[in-house]
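Each remark here refers to the structure printed beneath this line.
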Amino acid sequence: KAGVTQTPRYLIKTRGQQVTLSCSPISGHRSVSWYQQTPGQGLQFLFEYFSETQRNKGNFPGRFSGRQFSNSRSEMNVSTLELGDSALYLCASSPRDPGVGDEQYFGPGTRLTVT
Amino acid sequence: AQTVTQSQPEMSVQEAETVTLSCTYDTSENNYYLFWYKQPPSRQMILVIRQEAYKQQNATENRFSVNFQKAAKSFSLKISDSQLGDTAMYFCAFILEYGNKLVFGAGTILRVKS
């Protein structure tokens, strides 16, 4: 099976712009989660989607949004980019509800740089 | 709120030796799952080992084992016969049963020296 894929892998944007990141989970996986990784804040939970429904959102401003499509692919959008949004954005998928202890399989990440 | 603390920012170990990474967590819940993830320089997060809180038996996975002390809320990772390929950042993580978000510690950078 192919692993979790994320596109693009690298992105450079300017402050004030918006960006859309994409995540394709492992085939058959229904849950997709997003995490932001920065040197200062570490790994922080952004959102989790299951069967197209956002079930949980982390403590991020409304500029961060996401969605999941019927094929389980997910996108996240960040509007009005700020320098502090520079980070590695990781997507993870799991076959069932993450709360049953299944492994979450991570993608390689999208490195976003905001200048 | 659930928190995970990794008190060792960096550690080093000689090849073939044993090293233990520490992790403590805080929760008032009784049922949850604990994980150790490895993130090598490639940035690809890889699951190393998982533990169900309701199981008293410590999980093992080849050279990797954990010491799970539920009462003390401690979940340390022991790596035996360390290899150069074990060089990575190691994250301890926690998820509540029926929860839907992993809570990560700050990570421990492990360097294996030849």
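Suppose R0 equals 41 Å; then what is the FRET efficiency for B:Q14 and A:T14 from their Cβ-Cβ distance, rounded to the nearest 0.05?
Details: r = 47 Å, r/R0 = 1.14.
It comes to 0.30.
Could you compute the longest span of chain B free of chymotrypsin sites (Phe, Trp or Tyr not before Pro) located in DSSP loops and having at most 13 other Cβ atoms within 10 Å, not counting the site residues?
With a cap of 13 other Cβ atoms within 10 Å, the longest stretch comes to B:1-53.
In vacuo Debye scattering of chain B, one point per C-alpha: log10 I(q)/I(0) at q = 0.17, 0.23 Å⁻¹?
Values returned for q = 0.17, 0.23 Å⁻¹ are -0.76, -1.34.
What is the distance, in nm, between label points placed 7 Å from the Cα along the Cα-to-Cβ direction at B:Q83 and at B:R111?
Those two pseudo-labels are separated by 2.2 nm.
Dipole of the protein assembly as shown, Cα-centred, from +1 at each Lys and Arg C-beta and -1 at each Asp and Glu C-beta, to the nearest 20 debye?
It works out to roughly 460 debye.
Just tell me which lysines come within less than 16 Å, Cα to Cα, of B:K73; anything on the same chain fewer than 8 places away is out.
Within the straight-line cut-off, B:K73 pairs with B:K55.
Calculated FRET efficiency, A:R96 and B:N62, Cβ-Cβ r, R0 41 Å, to nearest 0.05?
0.95
Any aspartates and glutamates with Cα under 16 Å of the B:K70 Cα? List them, leaving off those in the same chain fewer than 8 positions away.
B:D26, B:E29, B:E52, B:E97
At 7 Å along the Cα-to-beta-carbon direction for both A:T7 and B:N31, put a label point, then send me their distance in nm to one decimal.
4.0 nm
Given the C-alpha centroids of the stretch B:6-30 and the stretch B:64-88, what is the distance between them in whole angstrom?
The distance from the Cα centre of the stretch B:6-30 to that of the stretch B:64-88 comes to 6 Å.
May I ask you to compute the full-extension gain from B:S74 to B:K55, defined as 0.36 nm times their residue separation minus their alpha-carbon distance, rounded to one decimal in nm?
Additional length available on full extension: 5.4 nm.
Let me confirm one metric for peptide B:43-51, namely the mean number of other chain beta-carbon atoms within 10 Å of its residues' beta-carbons.
4
Quick one: Karplus J couplings for the stretch A:4-18, per residue in order, coefficients 6.51, -1.76, 1.60, θ = phi - 60°, nearest Hz, x for Gly and Pro?
Each residue's phi maps through the Karplus curve to give 6, 10, 10, 9, x, 7, 9, 8, 10, 10, 9, 3, x, 6, 10 Hz.
Could you name the lysines whose alpha carbon sits less than 28 Å from that of B:K113, not counting residues in the same chain fewer than 8 places away?
Within the straight-line cut-off, B:K113 pairs with B:K38, B:K78.
Can you give me the distance in nm between label points at B:I46 and A:T115, each placed 7 Å from the Cα along the Cα-to-Cβ direction?
3.4 nm
May I ask you to order A:66-76, A:43-53 by the average number of other C-beta atoms within 10 Å around their residues, highest value first?
Descending packing order for the listed peptides: A:43-53, A:66-76.
Under unit Cβ charges (Lys, Arg +1; Asp, Glu -1), what dipole magnitude, rounded to 20 debye, does chain A have relative to its Cα centre?
On the way: 12 positive and 8 negative charges, 47 e Å.
So the magnitude is around 220 debye.
Values in this text are rule-based calculations from the coordinates and carry no lab data. Keep in mind the model is a prediction, meaning the values are calculated, not measured. Here the Cβ is made from the backbone with ideal geometry for all residues, glycine too, and neighbour counts use every protein chain on show.
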